[in-house]
Every structure is written in structure tokens, then in C-alpha cells.
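This report refers to the structure that appears directly beneath it.
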């Protein structure tokens with residue numbers, strides 16, 4: 001039985017990662033779907049700069065983003081549950097690469113599957129690359145899907 005962690009952010013690249021992961025699975029395997037929410041989504045200084053007069057904490061209640069992500073993953077899990085032995089869903093908040101690595105280690109995953117968005121050199125410099133960081137620091141095999 002294999003455990004495959006799929007990092008999912010609803011991008012086309014992450015959807016392809018799910019498809020490829022499923023093509024590598026059989027009925028006894030487990031897929032863990034992980035979505036990571038950036039913790040600064042609401043409290044970022046950039047957001048505060050754009051909307052200085054609005055207190056976003058009153059608009060977006062705690063857990064709102066996590067609940068939406070969980071619902072999205074539940075729907076996705078229902079779509080793929082008949083293709084594998086077990087589907088588990090996890091939503092974490094934090095640095096995407098760090099959370100992917102931590103979940104993969106804690107759940108003793110055999111493979112990490114994630115999509116590559118291809119921001120290029122400039123994009124990696126400005127925002128960093130989750131894929132690059134995961135590939136460099138993973139304790140297990142990483143499957144990067146383009």
C-alpha cells in the first residue's frame with residue numbers, strides 16, 4: 001500500500017498532479033489531499049495597505065478560508081474515492097512548502113505529488129518556489145507534474 005500526498009491549490013497544475021497520482025494508484029493505496037492556506041491572507045500588511053479603512057477581521061471570520069478549502073477538498077475526495085482505498089483531506093495554514101514537508105513526514109507518505117506552475121527565474125526570486133523547496137528538502141520521493 002502506497003501513501004501519496006497531493007498538494008492541491010485548485011490550479012491546473014495541481015489538478016494534473018491528482019490525475020497523475022491516480023494513474024499510479026491501485027485500490028489498496030491511499031491519497032492524502034492537502035491544501036495550505038497562507039496565514040497572512042487576512043492580516044497581511046499588503047492587504048492593510050490596499051484597504052486601510054476596512055477591518056477584514058469583521059468581514060472574513062476566522063476559519064472561513066479553512067472551511068471553504070475543506071468543502072472543496074471534500075467534493076474532490078468524493079470524486080476520486082472509488083479509485084483508491086482511502087482518501088484523506090487536510091487543510092493547514094502556514095508556509096506551503098513547510099506544511100507539505102511536515103504532513104508528508106507525519107503521515108509517512110511514500111510520494112509527494114505536486115504541480116509546477118512555472119513562474120520562471122524572476123517569479124522564483126520574488127515569491128520563492130514551493131516546488132523547489134519541497135524537492136530540495138523532502139525525505140521521500142517527489143513527483144513534479146507539469
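Taking the fewest neighbouring Cβ atoms within 10 Å as the starting point, the ordered list for 37, 31 is 37, 31. Counting neighbouring Cβ atoms within 10 Å and putting the fewest first, the residues 36, 135, 103 line up as 135, 103, 36. Sorted fewest first by neighbouring Cβ atoms within 10 angstrom, 14, 23 come out as 23, 14.
Laboratory data are not the source of any read-out in this text; all were calculated from the coordinates shown. Worth saying up front: this structure is predicted, and the values here are computed from it rather than measured. Every residue, glycine as well, gets a Cβ built from its backbone with ideal geometry; the counts of neighbours run over all protein chains shown.
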